[in-house]
Structure formats: C-alpha cells, structure tokens
Amino acid sequence: MASIKDVAAEAGVSVATVSRVLNDHPSVSADARVRVLAAVETLGYRPNAVARSLRTDQTRTLGLVISDVMNPYFTELARSVEEEARALGYSVIIGNADERPDLQDHHVRTLLDRRIDGLLVSPTDGGSPGMLDAARAGTPVVFVDRWIPGLDVPVVRADGRAAVRDLVAHLHGLGHRRLAIIAGPGATTTGSERVEAFRAAMAEYGIPLPDAYIGQGDFQAESGRRATERFLELPEPPEVVFAADNLMALGALDAIRARGMRIPQDIALAAFDDIPWFVHTDPPITAIAQPTGELGRAAVRALVDHIEGRPPQSVTLHARLVVRRSCGEKSPVQRSNL
C-alpha cells in the first residue's frame with residue numbers, strides 16, 4: 001500500500017506539500033497540486049482518515065439519528081442525507097432510535113464518541129437528555145422533520161398545515177362529514193401540528209370533530225390498526241380515516257380489510273407522508289406528500305455550514321396533497337382508441 005512518502009517521491013515534492021494538497025490548503029501552487037493529485041491517482045493512495053482527524057480535529061463524518069428506520073419516509077430521508085453528504089465530501093453514520101428516547105441517547109453518545117463533526121436528528125418524544133446536552137454543549141446540530149421548541153437549533157422541516165387544509169376541503173367537496181384522525185404522539189412536533197391543523201380545518205368548514213373521532217397513535221402500524229378498530233366499533237363510525245403518518249395508514253388499511261370492508265365504498269382512507277407503494281394499493285391512497293429528498297439535502301447543507309463556520313439557516317418547505325382514489329374520487333376517464 002502506497003504511503004504519503006511514496007506520493008511525495010512520485011510527485012517530486014515534499015511530504016508537507018502532499019499534506020497541504022490533501023487538506024486543500026491554499027498555499028500550494030497549481031502545478032504542485034496537479035502533480036500531487038496525479039501521483040495519488042497513479043499510486044492509488046488513500047489517506048489515513050483516523051490520523052488526519054487527529055491533525056485537523058475533523059473526521060468528515062456526520063451522524064444521523066432517525067426516529068424509525070422501518071418507516072419508508074425516514075428511509076428515503078436517510079438516503080438523500082447520505083447522497084448529499086457524499087457530494088460535499090462527508091460520510092454518514094446512521095442510528096435508528098425506533099421512536100425510543102433511550103435509544104436516541106445511546107446513538108447520540110456513540111456518535112459523539114466516534115468524533116463525528118455534527119449531528120442531524122429527528123427528535124423522538126420531544127427529545128432525550130443526551131441529545132439535549134449535545135445541542136446545548138455547542139455540538140453542531142440540525143433538527144430535520146421534527147424539532148424541539150425553545151432550543152436554539154436550526155430546523156429543516158416541511159409545513160403540512162396548508163396540505164391538511166387542502167385535504168379537508170377535498171373531503172368536504174366529496175360530501176364527507178364524519179372525519180376521523182389517527183394522531184401521532186403529542187410530544188412530537190409533527191404529531192401535535194398535524195392534529196391541530198386537522199382540527200382547525202374542520203372548524204373552518206363547520207365540521208365537528210368529536211373526541212371519539214380522534215385516535216391516539218405512535219407512528220407505528222399497530223397503533224393505526226387499534227385506533228381504526230375502535231372507530232369501526234362506534235355506533236356511528238366515521239366516513240373517512242385520516243392517518244397522520246404512513247405506517248399508521250398501513251395499520252388502518254389492515255383493520256379495514258380484516259372486517260371485509262371496501263375502500264372507499266364502505267370507508268375512505270387518507271394518509272400523511274406519501275410513499276411509493278401507495279400507488280399500488282387498490283385503490284391507490286390519497287396522501288399528503290412531503291419533499292423528503294429536498295429536506296434531507298437541505299439539512300445536510302445546513303449542518304455543513306454550521307461545521308465549516310458559516311451561519312446555518314433553518315429551512316421550511318411545504319407539503320402537498322396528492323389526490324388518488326381512496327376517498328371516493330372518480331376514476332380517471334378512460335379514452336378509447338377507436
């Protein structure tokens with residue numbers, strides 16, 4: 001395996017010059033830089049990342065702690081984070097909190113022990129002691145998707161309130177009046193924001209939202225199934241179930257099908273967080289889509305700005321309603337070729 005001394009000999013420069021080129025130091029001449037990079041390519045030299053991190057106090061590594069790796073939304077988010085980080089010269093280590101504050105703390109501690117340069121976190125259950133300590137201690141941290149009010153930490157998120165209002169308007173236009181919601185955990189910002197947006201939109205259209213039509217979920221499929229079963233046992237079941245995330249929508253779908261009921265003839269279903277397989281259900285599910293890829297990329301850019309000494313900016317994007325056929329929408333007109 002080639003060493004830095006081999007690269008210096010091949011390029012005809014000093015070891016110090018090679019080091020400056022590899023660390024992108026501006027004092028190196030253009031000619032020396034070209035020769036060093038050519039020697040690196042010829043010899044297949046790979047710098048020792050551990051040794052370099054000790055010299056520069058940087059590992060070029062980011063930590064990402066997501067709420068639930070089984071949730072397709074967070075899987076897509078993680079992928080966009082990794083792609084953007086790689087494009088900016090960083091690697092990513094991912095920890096799955098599984099919606100548990102204790103696991104979130106475990107991953108935060110482990111990542112900090114590995115000397116990551118900064119943290120991207122989608123806080124679970126309003127945060128955890130270790131994560132709060134890291135944010136308050138000056139570790140570069142950016143919240144993505146969820147956030148903790150009151151902490152001076154940049155937030156990259158999608159505002160779903162307008163999209164929820166669009167959904168309620170859409171359902172009202174279809175003639176639905178008995179609308180139920182499976183809410184996420186109230187301790188999370190996304191859980192509380194979505195149910196409050198739904199409540200406000202219902203009030204705007206003069207539609208009552210009785211307590212019996214608010215199911216408490218935890219962003220897991222099983223909670224969606226249980227909440228939907230309770231809805232279906234009511235003397236007057238809802239006409240529509242709106243699940244505030246995709247996994248709870250999956251649980252709702254299971255509960256509806258277990259009773260032999262049809263969507264949308266017997267009950268309608270809508271979801272927050274559009275995912276690819278929603279188009280493959282029968283019927284395809286009407287959903288609110290977040291700009292997941294852009295959220296991940298924007299979060300990485302904000303964190304890298306923070307790490308590299310530029311002022312990090314919070315970013316708010318917007319979710320949108322995607323209308324399909326699970327709420328009683330008419331099928332698209334089939335055109336004849338005759």
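Expressed as a whole percentage, what fraction of the accessible surface of the chain belongs to carbon and sulfur atoms when a 1.4 Å probe is rolled over the protein heavy atoms? It is 51 percent, rounded to a whole number.
Could you point to the residue in ALA134, PHE198, PRO276 farthest towards the positive end of the chain's charge dipole, with +1 and -1 charges on the Cβ of Lys/Arg and Asp/Glu respectively? Final value for the positive-end residue is PRO276.
Can you classify the range 192-244 as rounded, prolate or oblate using the Cα gyration tensor, where a ≥ b ≥ c are the square roots of its eigenvalues, rounded means a/c under 1.5, and otherwise it's prolate if a/b beats b/c and oblate if not? Because a/c hits 1.5 or more and a/b fails to exceed b/c, the range 192-244 counts as oblate.
In nm, what is the difference between 0.36 nm times the number of residues separating THR281 and GLU222 and their Cα-Cα distance? Could you put the intermediate results ahead of the total?
Details: separation 59, 0.36 × 59 = 21.24 nm, distance 1.88 nm.
Result for the pair: 19.4 nm of gain on full extension.
Find, to one decimal place in angstroms, the Kirkwood hydrodynamic radius of the range 141-193, where the mean of 1/r is taken over every pair of different Cα atoms and then inverted. Every distinct Cα pair counted, the radius reaches 13.1 Å. Among PRO235, PRO208, PRO26, the largest mean-square fluctuation in a Gaussian network model of the chain (Cα springs under 10 Å) belongs to PRO26.
R0 = 35 Å: FRET efficiency of GLN265 with ARG86, Cβ-based, nearest 0.05? Present the calculation step by step, with values, prior to reporting the outcome.
Numbers: r = 47 Å, r/R0 = 1.35.
The pair GLN265/ARG86 has a calculated efficiency of 0.15.
Across the chain, the mean sequence separation of Cα contacts (distance under 8 Å, 6 or more residues apart), normalised by length, yields a relative contact order of 16 percent. Computed over the chain with a Gaussian network model linking Cα atoms closer than 10 Å, the most mobile of GLY63, GLY12, GLY328 is GLY12. Spin-label pair ILE93-ARG161: with each label point 7 Å from Cα along the Cα-Cβ axis, the two points sit 3.8 nm from one another. Assuming charge only on the beta carbon of Lys and Arg (+1) and of Asp and Glu (-1), the dipole of the range 135-255 about its Cα centre is about 180 debye to the nearest 20.
Which whole-number value in Å² is the accessible area per residue of the chain, probe 1.4 Å?
Details: 16060 Å² over 338 residues.
With the other protein chains kept in place, the chain gives 48 Å² per residue.
Kirkwood radius and radius of gyration were both taken over the C-alpha atoms of the range 133-271, and their ratio Rg/Rh is 1.05.
Using helices alone, what [θ] at 222 nm do you get for the chain, with -39,500 (n - 2.57) per DSSP H run of 4 or more residues, divided over all residues and rounded to the nearest 500?
Details: 12 runs with 145 residues, N = 338.
Value at 222 nm, helices only, nearest 500: -13500 deg cm²/dmol.
So between GLU233 and MET70, what do we pick up on full extension, going 0.36 nm a residue minus the alpha carbon distance? Please list the in-between numbers first.
Details: separation 163, 0.36 × 163 = 58.68 nm, distance 2.92 nm.
Extra length available between GLU233 and MET70 comes to 55.8 nm.
Contact order for the range 192-301, expressed relative to its length and based on alpha carbon pairs under 8 Å spaced 6+ residues apart, stands at 20 percent. What the Cα atoms of the range 181-338 give is an Rg and a Dmax of 18.2, 65 Å. Among ALA137, ALA302, ALA38, the largest mean-square fluctuation in a Gaussian network model of the chain (Cα springs under 10 Å) belongs to ALA38.
The values are calculated or read from the model by the stated rules, or taken from the named source; none is laboratory data. Just so it is clear, the model here is predicted, and its values are computed rather than measured. Ideal geometry is used to build each Cβ from the backbone, glycine not excepted, and the neighbour counts take in all protein chains shown. To get the accessible areas, we keep the full protein, side chains included, count just its heavy atoms, and leave off ligands, DNA and RNA. Shrake-Rupley method; radii C 1.70, N 1.55, O 1.52, S 1.80 Å.
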